[in-house]
Structures are given as C-alpha cells and as structure tokens.
Amino acid sequence: MITDTAPQSSPAPDDDFLGGDTGKLGDRVFHGLSLGAAALILATLAAVATFLFKEGLPTFTGDKSELDNTESFVSYVGPLVFGTIYISALALLIATPIAIAVALYISHYSPKKLSHTLGYFIDILAAIPSVVYGIWGIGVLAPILSRSLYPWLDDHAGFLPFFGSDVNVSTSGRTMLTVAIVLAVMILPIITAISREVFLQTPRLHEEASLALGATRWEVIRQAVLPYGRSGVISGAMLGLGRALGETMAVAIILSPADGYFWNVITNSNSNTIAANIALQFPESSGLEVNRLIATGLVLFIITFGVNAIARKIANAGFSGADG
Amino acid sequence: MTLAAEHQPESDTESPTNDNDRITSGSLAGRGMFAIVGASFVIGALSWLPSGSINWARWVIVTLLVYVAGTYAVARIVESPRQATDRLATAIVTSAFALVLLPLISVVWTVVDKGSNRFDWQFYSETMRGVVGEGGGAYHGIVGTLIITGLTTLFAVPFGLFTAIYLVEYGGNGRFARAVTGLVDVMTGIPSIVAGLFAYALFVLIDGPGHRSGLAGAIALTLLMTPVVVRASEEMLRLVPNELREASYALGVPKWKTIAKIVLPTAIAGILTGVVLAIARVIGETAPLLVTAGLAQGTNWNPLDGRMTTLPVYTYQAYKFPTLPPSASIDRAWAAALTLVIIVAVLFTTARILSSILKPQGLK
C-alpha cells in the first residue's frame, strides 16, 4: 500500500487521539494480532486434515474384529458415496432451473421496488435450520408425495429405471426423491442469490443494444443476460451442490436407508448418504467403528473440497468474454 | 394499421376488425392477461371436484400450469409467435417464483401450527430430567444453545474480524494473503458434520475417546462461523473509501488507530449485520453438536464437562426417537422447532434494523 510509510514519517504530536508514541507499539500489536488470526486459519485447516486423517487411519490398520461387519472400507463407503452423489445431483437437477427462473424474476421481472423484499424472502428460506426442514419433510411433504406423486410416477413412468415398478412404492414417502426435493428447497436460495447478483451486473449497454434491435424482454435475457451470467450460475449451482453433499439432518430424519446401490428413487430401499450415516451411527458407536465413521467423513470432505474447487475455478474464469 | 398489428407476419388471419384504431389491438395487454389469470384460478379451483375437498397445493399447481399454457396459446393466436414466446417466459418465471413461496409458507405455517401445541410456560421453564410421557420442556436446550452459541461468537468474531483486517489492511495482494483467501474458501465448504468430527477428534486427543462437552461443540461451530464472519467483514472493509484512510494518515495518525477509529466505525453496520446473520446460521446447526455436545436430560451450565443439549439436537431427538407416548414427544419437537424459527427470525430482523440505523451518514 502506498500509505504504509506514512506513520513513521510524521512527527508524533502530543494530541490525545494520537496517543504519543504508543503508535509504534500499537501498530506492532495490531499487525501481530491480524497476522496471527490469518495464520490461525491456515493452522486450523491443517489441523482439520491432520486430525481427521489420524483418527481415520486405524480403520485400515486396526483390528477388524471390533466391527460388527468386517467388509472392506471400500465396500462400506461405496454405497454411501453413491447415495451422497446421487441424491445431491437429483436435488441440483430440481433446484437449478427453478433457481434461475426465480433469480430472473427478481432481477428482471418484478417491480423494482419489490425486488429487495423478494430477495429477503428467499434469504429467509436459506436461514431456516436444516432440522426444521427435516421434520417438515417427514411430517408434511413425505405423506403428500406418497399419496399423490409416487403412485402416479409408478403407474405412468414405471418404464424408467428411476421409478421402476418391479418393487413396491414407498407408502411412507421416506425416499430418495423426497430427500432430493427437500434438499432442492434448501439449496435453491444459494443458487438464486448468486445468479441474481450476476444477472443484475449485466452491462446496461448489452441489454439496451438488444432492445434497440427490437428484441422482446425474453430475447434480451437470452441474448445478453444469460450468456453474461452463465459462469456465475454454474458456480452458484456448484456451491449449492457442495451444500447438498454435506447436508446431514434433513437426510438423517427423512430417509429410510438400506445398504446397497439403488437407482429407484420412490421405494423403501434407499442408499444412505455419508453425512446422514455418520449422524445416525455416531451416537451408538465406539472403538474402531468411530474411526471408520471419521474416515468416511474424510471422504466426504475430499468430495466437497473438489466440488468447491471446481466452483471457484469457474467463478474466477467467468466474465472474460463478456466484460465490457 | 396499428403498431402491434404491424409486427404480425401474416395479419390476414387474425386481423382485428372493429377496434383497428386502438394501439393495443392485436396485443394481449391489460384486460386480456387479467382474464387468463382469472380463468386459471377458476380452473385450479375446479380441480377440487374429483376429491371433493380443498387442496391448496393442487389448486396452486393447477392454476400455474393453466396460466402458463393458456398464456402461450392465447398469445400465439392473438399476437405473434415471438410475443408468445416472450409471454411464455414471463409466465414460467413468475410461476417459478410463486412455486418457491409454497414450501416457505408451508414450513412456516406447519411450524407455527404444530409448535403452538406446546408453546407454553412449562416448555420454557422445565427440563426433561425424570420426565416420562407428557409434560417436560426444553429449558436445558435453550441454556445449552445460548452457552454454545455465545462461546462460538466469542471465538469466531475476533478470529474472523482480525483475519479480514489482515486481508484488507495488511496483506495487500501478497502471496500469504492470497493463500489465506483460498483457505477461507475451503473452510466455507467444510460440511458441518465434518467440522463436528474434527472437534471430536481434537478432544479425543486431549480427553480420550467418547468425549462430549459444550466446548467441543463451540469449537466445531467456530470452524463453520469464522469463514462467514471473514467474508462479511472483508467485503465491508473493502467498501471503506481509501480517501478516509489517507486523510487519517495525512494527519499523522498511526495505522492501527486509523483502522480502529476510522475504518472499523465506518464499516461497523455491515460487520455487525454479517455477524448477526452468521449467528443465525450456526444457531440452527444440528449435526456437529450431535457428535460433540450430545444430549442430556438436565441442565448443564458447564461447557467444559459433560453432555449439553441444544435446541436443534433436542428437536431431532424428540422427533426421530420419540418416547412414549409419541405424540407428546413430537409436540415437544415442534415446539422446539418453533422456538428455533422464532430465534432465527428475531436475529434476521435485528440484522436488518442494525444495518439501517448504524449506516454512517457519509456513505450512501
């Protein structure tokens, strides 16, 4: 910074506000504190990786007889990884189109005076605790879906492997599809918030150029707003995916889990997710079981880390072609 | 010829005859749209007929579907295909927004409706110690939530704020500052259950396996809250105009006093808002507390030792593993959920009020 040398070059007046020559000591303390905090971030993350690794490692080296099922770690974590990714991808598939539409509504369709308040409503959706979504999902949404949507899907879309009719449709509604819908509601505000921001940043001139060519409002959006916001929308979606991958309580409360890989999303046999499995098993686990759960947590950390890294990369690479 | 009619490619088919002189002829403005929306509502209401009972969700969904399809069909006939596509996009976007309000209204309505069964003084003044069946309360959960969230705020706010000060005021564009920025991003992405496992693993080293305490819960939540505080404060500090800093330096004020007396007070509204929103986020966290603080039946005032119940964990436990009779347990769960939602709503409103009353006069 240009001004870094200013304090030294000035004489120390005896004004109370300047505090005599405590300036130098104060500067050192303040600099030290803020540098320490920044360094602590680094140390904390190093500690997270180290401790998870250290506590997870005995899974591979320890005495397997402590476990009630002695299958290998890969065959234990495999269905969980599948369930985590499958359910999150479903949630993302449901949430993204709706989130883009809602973001467009707030940024380009709603009355200008209202758009701030509408954004506030969407933010409240993001602030509702996940445990509340969980009990709402199992207490309200699951019964409705199992009464209306699932029998219909079974009758009319049974030829698809996702709704195949070879197994019984869940009557409790505690299925992967219900979980995916609840997760979609939870990640929608994240995707909406980021998309809304980039849509609002579309250069005014791009939109006006399009309007001047006689474009309708939708054509303006297709020609100017969406191309400009594309990378922002994608990175928002990836952040939402990261949130869905790590979501624990809604899944743990709603899903009725089984062990294995299941494509059908409306039956009673559902692949569990890593996070929900930890929450369900941890309170009753001891010894090597705990180590195994921590190792699965490490796997989850690596997956979300990868997804978030991709999201940042897309966000940073964005806007290059459209800047103007 | 009118303006709108000129846009029609072949106006011989649907050319308006009697109101040629009106500029809106051949377009679907005002009354036409109103009629479509009204008709959609009526058709939506007719969808009750087969089942014979009022079904709000079906009403809304049928209305929206008819609205979208009807708008496109009518616009296609009356206006041009391009206008029809535009109207279709408007209809879809508007319907999507209405659709999203459904779960929000449903969640809030359900929580208020079912939570009010046990929204009484007993719920807020008694614990679950020795309670079998009906009665009991969540006093211990509220105490636990306040202690753990308080500790978390105590840790995360200075930690996050000083990191933000480093990034904005000291780090510049240096290598270390960029590394820290990247790591804060990584931290933002840590799944909450993983943060809980980390805190557990940390305390296992200190105290041995099976450790449960409020402090471990606070450490886990600190991991989740700090990056949110860093992001919010960093953004606010960067908004402070550089002229203010330079004016202060020109008067001979040391850098730390410039930060403490000029920069921070200017940004305080935004920072406080960010902190309150961060608290609102962590106060509803369940998973990390389930593995670190656990569940107790009575009040535990000591965060250093023993299990400590929090409201989210209480809600989860009472709903997922109800004691007999289940209805009493589930009522308690909904009451705890209502309490949580009220706390979050109060924090949200506080953040809004803070940001409006503390906004410095010079800015904006």
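Residue-by-condition table, conditions (1) under 27 Å from A:His108 (Cα atoms); (2) at pLDDT below 85:
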{"position": "B:Ile54", "(1), (2)": "no, yes"}
{"position": "B:Val60", "(1), (2)": "yes, yes"}
{"position": "B:Val100", "(1), (2)": "yes, no"}
{"position": "B:Val107", "(1), (2)": "no, no"}
{"position": "B:Asp113", "(1), (2)": "no, no"}
{"position": "B:Phe119", "(1), (2)": "no, yes"}
{"position": "B:Glu126", "(1), (2)": "no, yes"}
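What tally of residues in region A:265-319 results from selecting those that are more than 11 Å from every other protein chain (Cβ to nearest Cβ), buried (at least 21 other Cβ atoms within 10 Å of the Cβ) and over 21 Å from A:Phe73 (Cα atoms)? Number satisfying all stated conditions: 3. Among the conditions (1) modelled with pLDDT under 85; (2) at the interface with chain B (Cβ under 9 Å from one of its Cβ atoms), A:Ala39 misses just one, which is (1).
Let's see how each residue does on (1) of a type in the set (D, E, K, R); (2) modelled with pLDDT of 85 or more; (3) touching a His at 6+ places or on another chain (Cβ under 7 Å):
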residue: A:Arg243; (1), (2), (3): yes, yes, no
residue: A:Val265; (1), (2), (3): no, no, no
residue: A:Asn268; (1), (2), (3): no, no, no
residue: A:Asn272; (1), (2), (3): no, yes, no
residue: A:Ala279; (1), (2), (3): no, yes, no
residue: A:Pro283; (1), (2), (3): no, no, no
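Of all residues in region B:272-297, those satisfying the criterion of being assigned to a loop (DSSP other than H, G, I, E, B) and aliphatic (A, V, I, L, M) are B:Ala293, B:Leu295, B:Ala296. Looking at A:Val167, is it modelled with pLDDT under 90 and not in a helix (DSSP H, G or I)? Yes: the conditions hold for A:Val167.
Per-residue answers, yes or no, for (1) over 25 Å from the mean Cα position of the chain (by Cα); (2) surrounded by fewer than 23 Cβ atoms within 10 Å (Cβ to Cβ):
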| position | (1), (2) |
| --- | --- |
| B:Gly208 | yes, yes |
| B:Thr226 | no, no |
| B:Leu237 | no, yes |
| B:Ala247 | yes, yes |
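Within region A:201-216, the set of residues being surrounded by fewer than 18 Cβ atoms within 10 Å (Cβ to Cβ) and within 12 Å of chain B (Cβ to nearest Cβ) comprises A:Gly214 only. On the stretch given as region B:186-200, residues that are surrounded by fewer than 23 Cβ atoms within 10 Å (Cβ to Cβ), within 7 Å of chain A (Cβ to nearest Cβ) and in contact (Cβ under 8 Å) with a residue 40 or more places away in the chain total 1. For the condition within 30 Å of A:His108 (Cβ to Cβ), at pLDDT 85 or above, under 30 Å from the mean Cα position of the chain (by Cα) and of a type in the set (Val, Ile, Thr), B:Ile148 does not qualify. Within region A:234-246, can one find any residue that is surrounded by fewer than 24 Cβ atoms within 10 Å (Cβ to Cβ), of a type in the set (A, V, I, L, M, F, W, C) and away from every other protein chain (no Cβ under 11 Å)? Yes.
Residue-level check: of (1) of a type outside the set (S, T, N, Q); (2) without any contact (Cβ under 8 Å) to a residue 12 or more places away in the chain; (3) surrounded by 19 or more Cβ atoms within 10 Å (Cβ to Cβ), A:Leu92 misses just (2). Please report, ordered by residue number, the helices (runs of 4 or more DSSP H) entirely within region A:179-259 with at least 1 residues that are under 27 Å from A:Ala127 (Cβ atoms) and within 22 Å of the chain's Cα centre (by Cα). Qualifying helices (runs of 4 or more DSSP H): A:226-246, A:249-254. Applying a threshold of 8 Å to beta carbon distances and a minimum spacing of six or more residues, or different chains, the list of pairs starting in region B:204-220 at a residue that is assigned by TED's automatic domain parsing to the domain that holds B:Gly144 and closer than 17 Å to A:Asn291 by Cβ and ending at one that is hydroxyl-bearing (Ser, Thr, Tyr) and exposed (fewer than 13 other Cβ atoms within 10 Å of the Cβ) reads B:Pro209/A:Ser286; B:Gly210/A:Ser286.
The values are calculated or read from the model by the stated rules, or taken from the named source; none is laboratory data. Small disclaimer: the values here were computed from a predicted structure and weren't measured. Counting neighbours? That spans all protein chains shown, and the Cβs are built from the backbone with ideal geometry, glycine included.
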